[in-house]
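Handing you a structure now.
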Amino acid sequence: MDGPANNDGATAFANTANRTSWLNPIQVCSYTRKSAEERLGLEKPKRPLTPFFKFMTQMRPALLAKNPGISSKEAISWTSKHWQQLDLETKTQMAKEYEKDLEDYKKIKAMYESSLTDKQKEDIKRLKEEMAVAKEKRKLRAEYKELGRPKKPMSSYFLFTQTRKEVFKGKDLKQYQELVKQEWLKLSANEKAKYEKQAADLMTKYKKELEAWELKMISMGRTDLVRSKPIREKKPKAAAKTQ
């Protein structure tokens, strides 16, 4: 993997004229999710980035210019390598500036928290709880996908919409949805029955596959991924009648 135009990224960074410009107390990584406060329109002070992440932010533009398709993992690996090569004087200066920014942040944060009303505090708490639940759901969905959990099939209506995509190509989503809805309502009972049977067959297949998958998870010791409702046990075959 190539580095920025300057072969010695650490040296280039150390020679930057104005080091204090690296440390913006409210700077955050662009991929950071919005906090509860931001979603509520509140301007909560942001914790300053550590020296390493400041270094990574500074080097990122040159790295991406040279390697536009670089992955996050590769970028962090490259940055770590050049961070280790950075001279002690620069690292020490960055650490001092970080500590100063951190002290300023703590003071501003205290002022911010004291300015919040009881209603705002309640809203923040509620939203944080909702975000935590949503995060767990995302994590669970990712685990389901990784472990091959069967996907629930579409309903009869959505199976019908799949057949109408080409007809309404080019229209905006809202217009498309309304047109498909009207077409569905105009279908005869016999026409709808075709999609309803298809949906029922897919659901039967899904239930069997899901049951098999859950049995597999139980055998792997992953009962936490199985539905709380017990899996239906097959009835034992009737014993042969004795003569």
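The values are calculated or read from the model by the stated rules, or taken from the named source; none is laboratory data. Everything numeric in this text was worked out from a predicted model, so none of it was measured. Glycine gets a Cβ as well: all are built from the backbone with ideal geometry, and neighbour counts include every protein chain shown.
Tell me the helices (runs of 4 or more DSSP H) entirely within the range 30-119 that contain at least 3 residues that are under 24 Å from the mean Cα position of the chain (by Cα) and more than 30 Å from residue 130 (Cβ to Cβ).
Hits in the range 30-119: 51-66, 72-85.
Determine which single condition residue 162 fails, assuming it passes every other condition in (1) under 30 Å from residue 189 (Cβ atoms); (2) touching a residue at least 12 places away in the same chain (Cβ under 8 Å).
Residue 162 satisfies all of (1) under 30 Å from residue 189 (Cβ atoms); (2) touching a residue at least 12 places away in the same chain (Cβ under 8 Å) except (2).
Tell me yes or no: at least one residue of the range 185-203 is at pLDDT below 95 and in contact with a helix residue (DSSP H, G or I) (Cβ under 6 Å, 6 or more places away or on another chain).
No, there is no match, as no residue in the range 185-203 is at pLDDT below 95 and in contact with a helix residue (DSSP H, G or I) (Cβ under 6 Å, 6 or more places away or on another chain).
Residues of the range 92-124 being surrounded by 15 or more Cβ atoms within 10 Å (Cβ to Cβ) and either farther than 30 Å from residue 38 by Cα or acidic (Asp, Glu) (or both), which ones?
Once the filter is applied, which keeps residues that are surrounded by 15 or more Cβ atoms within 10 Å (Cβ to Cβ) and either farther than 30 Å from residue 38 by Cα or acidic (Asp, Glu) (or both), the range 92-124 yields 93, 97, 101, 123.
Do the conditions hold for residue 122, that is, is it modelled with pLDDT of 95 or more and within 30 Å of residue 43 (Cα to Cα)?
Against the criterion (modelled with pLDDT of 95 or more and within 30 Å of residue 43 (Cα to Cα)), residue 122 qualifies.
Go through the range 159-184 and give me each residue that's modelled with pLDDT of 90 or more, aliphatic (A, V, I, L, M) and under 30 Å from the mean Cα position of the chain (by Cα).
159
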